[in-house]
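Here's the structure, in structure tokens; my notes come after.
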2 protein chains.
Amino acid sequence: MRPFTDMTRAAQLPQRSVIPVNTIGRLSLYRRLLSDQLATGARQVFSHQLAALAVTTAPQVRRDLMTIGFSGSPRRGYAIADLVTAIDDVLVRSVETAVALVGVGNLGRPVLAYYANRQPIRFAAAFDRAPEKTGRVLHGCRCYASDQMTEVVAREQIHVGVIAVPAAEAQAVCDQLVLAGVKGILNFAPVRLRVPAGLHVENVDLMMALDRVAYFAHEHR
Amino acid sequence: MRPFTDMTRAAQLPQRSVIPVNTIGRLSLYRRLLSDQLATGARQVFSHQLAALAVTTAPQVRRDLMTIGFSGSPRRGYAIADLVTAIDDVLVRSVETAVALVGVGNLGRPVLAYYANRQPIRFAAAFDRAPEKTGRVLHGCRCYASDQMTEVVAREQIHVGVIAVPAAEAQAVCDQLVLAGVKGILNFAPVRLRVPAGLHVENVDLMMALDRVAYFAHEHR
DNA sequence: GATTATCTGTGAGATGTCTCACAGCATGAG
DNA sequence: CTCATGCTGTGAGACATCTCACAGATAATC
């Protein structure tokens, strides 16, 4: 008889993030809304006010803030400035995140323009197959040849890759990024990427988004 | 005693879509993958093959196809051509959907370029506040002044609005679209829109997407 | 025609997420 | 200081979604 035979479950690996994905998304939204509120001079906010801004429910807001261990005060609500700081700590917004863009085409350029200079995200490098783009600088971001990826990702300590290449090339680019040591991927290509377990891929699928809207638009007539 | 008193539940309103949102999204993905397969000459597909392409599980695929009432055959799998047609029927891809873009700026233009000429989506009109854009035609899509929205949406039978304006203007544009009679909205602005119950809003939030990737990238080191 | 392999269809259970209701407490008023 | 107010923190339950395992079925083989 082997040892540990009667362990019905192996000890749970702690890797599974304590914070649900959806909660992370809402925190990102809360942070933006709260920054706006700060700018208008507000200092405290109630869960039902934040819920109204984020178009969700007050218990949902309280549950989310509870999840990140942030406390408010009865009758006074939550201190906005402290809350923004707390959310910044959870999302990685208190340290700079270096990002690499792959694919400087019709999709990649506007993506770069959108994210350019949004602290604490820094686009440290771009890559493109087309040799004539190598060496050019867009929005403060230098373009390299694809075969320099491993070297540049290591040098610039890039943690995140953004894929904006045609569907047919996306998996190859993804493999290259993973090999280079990237820890997360934002994928604009309309395919699903195969990655090692634990590595996070966030898909932005414009075709799927429109298909969903169209479906529900024709549902509710 | 009133008749039917002992009905424990009132007849369910059929409004709640039988098909889960996530399933709709996966169907959109399946359809694309299957089209590619057709092009390579494949005629039949097994659930585990489609699952591999979509990076999900075989039971998930079978459950999704069961949800739309599509049947395969043991030992032969699913007929690809028929399946594409069945998915096209569920998603609204068997009828043309007229769409309006609001905001022909740095975000709106690439969005228009991306979706241009993708059947069965037709961008029937674009709107922009800037008067100098009125009358111009981009990717076969004519630009109108914002105050013509109600008229044009009715004339072109537009069902879906795409919002690509700055955050501060998004809610006003949304209200205008809803008033004009749009049934679904695809929102690229980094805010949550308040809409009448039942009307579907699909958010594409690029900032949130990057925040989520950054969070998980720093989790799994 | 009988047999076998293997794939589908699906009930039932596991999992994850959201909702509700209310106890507890900090604050402001008297 | 004491009380009343109304907001937070959270357990427990509702709900939705995914996973698993296997019964059933069909095509290929002999």
- Message: Being in a helix (DSSP H, G or I) and either without any contact (Cβ under 8 Å) to a residue 40 or more places away in the chain or in contact with a helix residue (DSSP H, G or I) (Cβ under 6 Å, 6 or more places away or on another chain) (or both) is the requirement here; does B:Gln148 meet it?
- Response: yes
- Residues in the stretch A:182-192: is at least one open to solvent by 30 Å² or more (accessible area, probe 1.4 Å), polar (S, T, N, Q), in contact with an Asp or Glu (Cβ under 9 Å, 6 or more places away or on another chain) and not in a helix (DSSP H, G or I)? no
- Item | Some residue of the stretch B:125-146 being modelled with pLDDT of 95 or more, under 30 Å from B:Phe70 (Cβ atoms) and polar (S, T, N, Q) | no
- Item | Failed criterion for A:Leu83 (all others in (1) within 20 Å of the chain's Cα centre (by Cα); (2) in a loop (DSSP other than H, G, I, E, B); (3) within 11 Å of DNA strand D (Cβ to nearest atom) hold) | (2)
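Looking at the structure I just gave you, is A:Val165 part of a loop (DSSP other than H, G, I, E, B), buried (at least 16 other Cβ atoms within 10 Å of the Cβ) and over 18 Å from the mean Cα position of the chain (by Cα)?
yes
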- Item | Subset of the stretch B:119-150 [within 14 Å of another protein chain (Cβ to nearest Cβ) and open to solvent by 90 Å² or more (accessible area, probe 1.4 Å)] | B:Gln119, B:His139
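Looking at the stretch B:101-145, which of the residues that are in contact with a His (Cβ under 8 Å, 6 or more places away or on another chain) and not in a loop (DSSP other than H, G, I, E, B) is farthest from A:Ala214 (Cα to Cα)?
Per the stated criteria, the residue is B:Ala113.
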- Count - residues of the stretch A:194-211 that are facing chain B (nearest Cβ under 7 Å) and either surrounded by 20 or more Cβ atoms within 10 Å (Cβ to Cβ) or within 21 Å of A:Phe123 (Cβ to Cβ) (or both): 8
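The values are calculated or read from the model by the stated rules, or taken from the named source; none is laboratory data. Just so you know, these numbers come straight off a predicted model, no measurement behind them. We place every Cβ from the backbone using ideal geometry, glycine too, and count neighbours over all the protein chains shown. Accessible surface areas use protein heavy atoms only, side chains included; no ligands, DNA or RNA. Shrake-Rupley method; radii C 1.70, N 1.55, O 1.52, S 1.80 Å.
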